[in-house]
Amino acid sequence: MTIDDDPPEDAVQDTDSGELRRGQLPSWAVFGVALGVLAPASTLALAIGVVVEIAGPLSWLTWAVTSALVLGFAGGIAWLAKRFTTTGGIYVLTTRAVGRGGGYFVMIFHLCSSLVSGPACVLGSAIYLNAWLRKFGVPDNAATLGAVAAVVAVLVTWLSLREVKLSAKLLLAIEFLTVAVIVILLVAILVRAPGGPFDARQFDFSGFSATAILATAGFSVFSLAGFDHAVTLGREAAEPHRAVSVSVLGSVLGCGVLYILATYVIVLGLRDVPMTQLDAPLDLLAANNGVGWIGFLIDPGVAISFFGSTLGILAGTSRTVFTMAKDGMLPRGLSRVGAARTAPSAAVLTVGVFFGVVGALGAILVRAETSYGLLGTFAGYMLIVSYGLTTICAGVHAARTRQLRPGIALATLLAAAGAILVYSFSFAPFPTGAKGVVAWLFFALLVGTVVLYRVLRRRHPQALDRLGGADAQDDRTTQVAR
């Protein structure tokens, strides 16, 4: 069987082989997962509205700063991905680079961020599917949203039990088609804008406030994050070192530029509209610019884009859980794979159920858009820790092995300075209300993770010694087989 052959239909049956099939994914499939998780259409449709509500006319600057920061993270992760391959994601890369101490902290925070990001994207898909269904008279209430969220999670889980290459094809098709529709809308706004395409408000820095620009940094990092899930495909990729590193950097760079330009156009189109309660800014833009019919295409397209993002997150998170189970950090039963060895079936089912339950509760118990924003902010806080620590560890490894070059040095400096800057403005002044609760939960997790690490080091050091062990064993097995 070649890497392009379709897997047998019994691919989802459990087996205890504990290994995923190697070399099955072409480079485009790896890029498809990275781009699919970033889901640029979903960010353009929902996340940019959240940022605009807070940052106002200078929102494009928020995306510029965020893009530079995340590019630093992506540079460090891509540098490590050129040297190591894994199914565990960035926690194994960090373990390989500096040892089990760094790997432990990255593992905890990255897993937690993924378990929050997935339900957030389930909610995003439900919000836009519900907006589309409203156009046909379907009741708009929490129960409908909760049911739609549950259906999204079930479909994502079913697809994730199949071959990743199938998911990657869907992810690429979804994003390119949906972004194309949104670009049509943005071009229409530029052409129809009263007074022309230049908006002086967006270059007026007289009232510049770094606090306002960086107040949404945690959330905007979340919206540019997820590219690292491509790292979990390192063992399944045909050209792992090149495919993963190019996918990580290319997806972030492309989306960063797109968000900066699109935000400018969106704010231009909202010139005469109050920048509050922008739950569906693209629908509002289409209606206000005489192209309301585009909304009938945008809503289902964005819903599918969020669906694709959830699909990519589940693909990456399930492989991280699979590797952690093989390392003995989670129950061994989660390391079972499908009969065709194309999906970690036990991990997919477990994580998929979690995504569905949390997503449905987020729609039923609280306003869905509020749940999405809070989950995204919490995920962003944790991602900055995991990405920043991974990139700093990459710089340390480069220095230790005498491979320190300008590129990895710049990435390390950006990661360290950017993380400090974002946290400084995110927590000073300290958030209040629901966002304050999210901030306190983050600090509680931080303290709890440190305490658990100290307990493990003193009483159960063998548990930490197992980190990265499954990958090392796989490497030895492969070398013997060759």
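The values are calculated or read from the model by the stated rules, or taken from the named source; none is laboratory data. Quick caveat: nothing in here was measured; it's all calculated off a predicted structure. Please note: Cβ atoms are built from the backbone with ideal geometry, for glycine as well, and neighbour counts cover all protein chains shown. Accessible surface areas use protein heavy atoms only, side chains included; no ligands, DNA or RNA. Shrake-Rupley method; radii C 1.70, N 1.55, O 1.52, S 1.80 Å.
Take Ala315 and tell me if it is in a loop (DSSP other than H, G, I, E, B) and under 24 Å from Ala237 (Cβ atoms). When the stated conditions are applied, Ala315 does not pass them.
Within region 367-482, considering only helices (runs of 4 or more DSSP H) that don't extend past its boundaries, which have at least 1 residues that are closer than 22 Å to Leu214 by Cα and at pLDDT 85 or above?
368-400, 406-427, 433-459
The set of residues from region 285-333 being among the small types (Gly, Ala, Ser), open to solvent by less than 10 Å² (accessible area, probe 1.4 Å), in contact (Cβ under 8 Å) with a residue 60 or more places away in the chain and under 21 Å from Gly352 (Cα atoms) comprises Ala303, Ser305, Gly308, Ser309, Gly312, Gly316, Ser318. Residue check: Arg235 meets all listed conditions (1) within 26 Å of Ala347 (Cβ to Cβ); (2) at pLDDT below 90; (3) buried (at least 24 other Cβ atoms within 10 Å of the Cβ) but one, namely (3).
Within region 174-208, the only residue that satisfies the criterion of being open to solvent by less than 20 Å² (accessible area, probe 1.4 Å), of a type in the set (D, E, K, R) and in a loop (DSSP other than H, G, I, E, B) is Asp199.
Residues that are among the polar types (S, T, N, Q) and surrounded by 22 or more Cβ atoms within 10 Å (Cβ to Cβ) within region 209-223 comprise Thr216, Ser220, Ser223, listed in sequence order.
When residues in region 372-394 are screened for being of a type in the set (Gly, Ala, Ser) and open to solvent by 10 Å² or more (accessible area, probe 1.4 Å), 1 of them pass. Looking at Gly308, is it in a helix (DSSP H, G or I) and either modelled with pLDDT of 75 or more or farther than 27 Å from Leu61 by Cβ (or both)? Yes. When residues in region 168-189 are screened for being over 24 Å from Val265 (Cα atoms) and not small (Gly, Ala, Ser), 4 of them pass.
Residue-level check: of (1) open to solvent by less than 20 Å² (accessible area, probe 1.4 Å); (2) more than 20 Å from Gly312 (Cα to Cα); (3) in contact with a Pro (Cβ under 8 Å, 6 or more places away or on another chain), Cys255 misses just (2). Every condition in (1) open to solvent by 10 Å² or more (accessible area, probe 1.4 Å); (2) in contact with a helix residue (DSSP H, G or I) (Cβ under 6 Å, 6 or more places away or on another chain) holds for Val33 except the one numbered (1).
For the residues Thr94, Thr87, the requirement of being surrounded by 24 or more Cβ atoms within 10 Å (Cβ to Cβ), more than 28 Å from Gln202 (Cβ to Cβ), in contact (Cβ under 8 Å) with a residue 40 or more places away in the chain and in contact with a Gly (Cβ under 6 Å, 6 or more places away or on another chain) singles out Thr94. Number of residues in region 143-182 that are modelled with pLDDT of 90 or more, within 27 Å of Val231 (Cα to Cα) and not small (Gly, Ala, Ser): the value is 6. Which of the following residues is farther than 19 Å from Val70 by Cα and either hydrophobic (A, V, I, L, M, F, W, C) or open to solvent by less than 40 Å² (accessible area, probe 1.4 Å) (or both): Leu413, Leu365? Exactly one residue qualifies, and that residue is Leu365.
Do we find that Leu159 is part of a helix (DSSP H, G or I) and under 22 Å from the mean Cα position of the chain (by Cα) in this structure? Taking the combined requirement at face value, the residue satisfies it. Determine whether region 376-393 contains at least one residue that is without any contact (Cβ under 8 Å) to a residue 60 or more places away in the chain and within 24 Å of Lys82 (Cβ to Cβ). No, region 376-393 has no match at all. Could you say whether any residue in region 126-137 is loosely packed, with under 15 Cβ neighbours inside 10 Å and in contact (Cβ under 8 Å) with a residue 60 or more places away in the chain? Taking every residue of region 126-137 in turn, at least one turns out to be loosely packed, with under 15 Cβ neighbours inside 10 Å and in contact (Cβ under 8 Å) with a residue 60 or more places away in the chain.
Taken over region 416-437, the residue count meeting the criterion of being among the polar types (S, T, N, Q) and open to solvent by less than 50 Å² (accessible area, probe 1.4 Å) is 1.
Residue-level analysis places Trp79 outside the set of residues that are in contact with a Pro (Cβ under 7 Å, 6 or more places away or on another chain) and more than 26 Å from Leu214 (Cα to Cα).
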